[in-house]
1. For region 56-106, which residues satisfy the criterion of being outside any loop (DSSP other than H, G, I, E, B) and β-branched (Val, Ile, Thr)?
2. Please indicate, with yes or no, whether at least one residue in region 222-233 is free of Cβ contacts under 8 Å to residues at least 12 places away in the same chain and over 20 Å from residue 36 (Cα atoms).
3. Taking the conditions exactly as written (modelled with pLDDT under 85 and surrounded by 15 or more Cβ atoms within 10 Å (Cβ to Cβ)), does residue 236 satisfy them or not?
4. Report, by residue number, each residue of region 48-71 that is open to solvent by 10 Å² or more (accessible area, probe 1.4 Å) and within 26 Å of residue 184 (Cα to Cα).
5. Please work out if residue 89 is within 24 Å of residue 180 (Cα to Cα) and surrounded by 16 or more Cβ atoms within 10 Å (Cβ to Cβ).
6. Listed residues 9, 114, 69, 5; which is closer than 26 Å to residue 215 by Cα and either hydroxyl-bearing (Ser, Thr, Tyr) or at pLDDT 85 or above (or both)?
7. Keeping to region 281-334, report how many residues are small (Gly, Ala, Ser) and either farther than 30 Å from residue 373 by Cβ or surrounded by fewer than 17 Cβ atoms within 10 Å (Cβ to Cβ) (or both).
8. Identify all residues within region 17-41 that are open to solvent by 40 Å² or more (accessible area, probe 1.4 Å) and either part of a helix (DSSP H, G or I) or under 21 Å from residue 74 (Cα atoms) (or both); write none if there are none.
Amino acid sequence: MAPALEHLLQTLACGALLLLALITGGARGPQAPIAAKRWLSLFLLSAGCLMLDGSLYQSGVYAAYPHLLGITDLFVFTLSPALYLSVRHFTDARSGWRRSDLWHLLPAGLFALLNLYFFAQPLSSKLEVLAAYSTDTSGLDPLMAANLFQHAAYLLLSFRRLVRHRRQVTAFASSLENVRLDWLWHVLLAIACMYGLWVAELLSGLPWIPPLSTAGYLAATAYLGYHAVRQDRVFGFSPQAAEELAELLEGGAPPEPAGPPAPDLGPQKAQLAALMAQQQPYLDSSLSLPALAQLAGMRTHDLSRLINQGFGENFYQFVNRYRIEASKRLLADPAYAHYSILGIAFEAGFNSKTTFNTAFKQATGAVPAAWRREALAQPEGDGASLPDIA
């Protein structure tokens, strides 16, 4: 790739990262995950400033203003902690800032103090450093090795945190599209690839790696920006409900139900079944475990136990079983024959056609369109005998 084009891509990626940092950091609104987006903003700012370093060197800014040398290095040790803290706050039922988070920035603070010595050096010393400065970063020094270790450690912690969250969402959410954080998973995978390319560049010095990494950063920034700005709070509950849910989840994801339902929960099961039949809360696509617990007048933990042990299901399975039955009634009703499959899905409480099709086929063995044709083809009066075409 031509140096001019590589420099252009680097400048575009740097500008996109800094602009997105500003947009993400300015998140507002009751449903905005403020803390998560602030940490994500710091991550983007750090990435943008580190990429700015190469642009300032290649454009001759450092040569014209040597005192700027080293300014962007202040973000070397904020990049990875900010990413991890963003992931943690996106996946934590307890929202808000924590003083303990600042301990993760301790290496960055110590590095900034060490850099004060360099900033205090005379111009001649900085010109000597600039003369030795090179975009060829092959080879490892102790500081670079420490930075590499920090990146790897925090990336693994971020993956671990997100994997745990994705396992637990079925314990409290009835619709997974906006709470599984698939976009964040994809971003972490992209960052892992960028990290691999960075290590390969340091160890091998291959000339084609930097432009490939820069193009990857530009693409990842565009993807991240689209999804991060639109992401609402995963745990948009009251403080009390969020605390109860946090206590439930901190014990690990509830075990998958196994065996027959517990016999001592009969009265509670009957009350919950009556509530589901009469008030039909499952028609609300945003129904959550804390919301249903409030409706049933139960603690979140007690409702989770009732569903797990009393019905032999997790919350997601429990609610969507009612939605599937509702959709079957609608599909078999000639009065709803003019509704599209997506319309039926929305009426039954689903918020995605893909999720509806998948859940319906798992429950019946048929896709909704085929099941509807069978149901409507039955003689009038046989509506109670719904088709089984599994």
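1. 61, 72, 87
2. No, region 222-233 has no match at all.
3. yes
4. Across region 48-71, the qualifying residues are 49, 50, 51, 52.
5. So residue 89 passes the test.
6. 69
7. The qualifying residues number 9.
8. The answer is 18, 19, 22, 23, 34, 38.
The values are calculated or read from the model by the stated rules, or taken from the named source; none is laboratory data. Note that the structure is a prediction, hence the values are computed from the model and not measured. Don't worry about glycine lacking a Cβ; one is built from the backbone with ideal geometry, like all the others, and counts go over all protein chains shown. The protein model used for the area step is the full one, side chains on, heavy atoms only, and it has no ligands, DNA or RNA in it. Shrake-Rupley method; radii C 1.70, N 1.55, O 1.52, S 1.80 Å.
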